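Asker: Below is the structure I would like to discuss, written out as structure tokens.
The values are calculated or read from the model by the stated rules, or taken from the named source; none is laboratory data. Given the structure is predicted, the values throughout are model-derived calculations rather than measurements. Cβ: placed from backbone, ideal geometry, glycine included. Neighbour counts: every protein chain shown. Ligands, DNA and RNA are stripped out before the accessible areas are found, and what is left, the full protein with its side chains, is counted by its heavy atoms. Shrake-Rupley method; radii C 1.70, N 1.55, O 1.52, S 1.80 Å.
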Amino acid sequence: QVQLVESGGGLVQPGGSLRLTCTAPRMIFSVFTGYVMAWYRQAPGKERLLVADITAGGTANYADSVKGRFTISRNNSNKKTWLQMNSLKPEDTAVYYCAAVRPNGDFAHWGQGTQVTVSS
């Protein structure tokens, strides 16, 4: 089974920046390149919500709440996906999860999550 690994979370002041990294150490190259990669987040007591995703061809999609502030990117050769987060707000505080979604949308591999806290 594929396991994704997130890193880069931490504590940052409002207006600051963080860059999250997702790695897919168990996923072979040919499979990884065909999956949609996505970032979700979940705050305590809240539902898990899609933040951004990016297709195998590099087309990105963003939630309205993060448009203009976050950027998702991927490098298929080293099987990494990033989420650059700028102008962070307290409401961005959540556990952020990386997901690899099969092209037909019926299955996803998930990472363990990384905590992002935006606070003064």
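Asker: When you go through (1) touching a residue at least 40 places away in the same chain (Cβ under 8 Å); (2) surrounded by 13 or more Cβ atoms within 10 Å (Cβ to Cβ) one by one for Leu50, which number turns out not to apply?
Answerer: With (1) touching a residue at least 40 places away in the same chain (Cβ under 8 Å); (2) surrounded by 13 or more Cβ atoms within 10 Å (Cβ to Cβ) applied to Leu50, the lone miss is (1).
Asker: Do any residues in region 20-37 that are closer than 11 Å to Val5 by Cβ have Cβ atoms under 8 Å from those of residues that are acidic (Asp, Glu) and surrounded by fewer than 15 Cβ atoms within 10 Å (Cβ to Cβ), where the two are at least six apart or on different chains, and which pairs are they?
Answerer: none
Asker: Against the condition without any contact (Cβ under 8 Å) to a residue 40 or more places away in the chain, open to solvent by 50 Å² or more (accessible area, probe 1.4 Å), over 15 Å from Leu4 (Cβ atoms) and not charged (D, E, K, R), how does Gly68 come out, does it pass?
Answerer: yes
Asker: Confirm whether Arg74 is open to solvent by less than 50 Å² (accessible area, probe 1.4 Å), part of a strand (DSSP E or B) and either within 20 Å of Asn104 (Cβ to Cβ) or among the basic types (Lys, Arg) (or both).
Answerer: Judged against the criteria, Arg74 is a match.
Asker: Return yes when Gly111 is surrounded by fewer than 20 Cβ atoms within 10 Å (Cβ to Cβ) and either among the small types (Gly, Ala, Ser) or in contact with a helix residue (DSSP H, G or I) (Cβ under 6 Å, 6 or more places away or on another chain) (or both) and no when it is not.
Answerer: no
Asker: Does Gly57 count as on the phi > 0 side of the Ramachandran plot, open to solvent by 60 Å² or more (accessible area, probe 1.4 Å) and in a loop (DSSP other than H, G, I, E, B)? Reasoning before the result, please.
Answerer: Numbers: on the phi > 0 side of the Ramachandran plot: no; open to solvent by 60 Å² or more (accessible area, probe 1.4 Å): yes; in a loop (DSSP other than H, G, I, E, B): yes.
No: the conditions fail for Gly57.
Asker: If you don't mind, another one. Just checking, which of Asn61, Asn86 is more than 16 Å from Gly8 (Cα to Cα) and not aromatic (Phe, Trp, Tyr)? Let's see the steps before the verdict.
Answerer: On the way: Asn86 fails: more than 16 Å from Gly8 (Cα to Cα).
Within the list Asn61, Asn86, the selection yields Asn61.
Asker: Can you give me the number of residues within region 36-45 that are more than 15 Å from Val66 (Cβ to Cβ) and of a type outside the set (Gly, Ala, Ser)? Explain how you work it out, then say what you get.
Answerer: Of all residues in region 36-45, those more than 15 Å from Val66 (Cβ to Cβ) come to 36-37, 44-45.
Now drop any that are not of a type outside the set (Gly, Ala, Ser), which leaves 36-37, 44.
Summing the residues that are more than 15 Å from Val66 (Cβ to Cβ) and of a type outside the set (Gly, Ala, Ser) in region 36-45 gives 3.
Asker: Same structure, new question: Among the residues of region 80-93, write down those that are surrounded by 22 or more Cβ atoms within 10 Å (Cβ to Cβ) and closer than 16 Å to Ala38 by Cβ.
Answerer: Thr81, Leu83, Met85
Asker: Still on this structure: Looking only at strands (runs of 3 or more DSSP E) that fall completely inside region 81-120, which ones have 3 or more residues that are among the aliphatic types (A, V, I, L, M)?
Answerer: Qualifying strands (runs of 3 or more DSSP E): 94-101.
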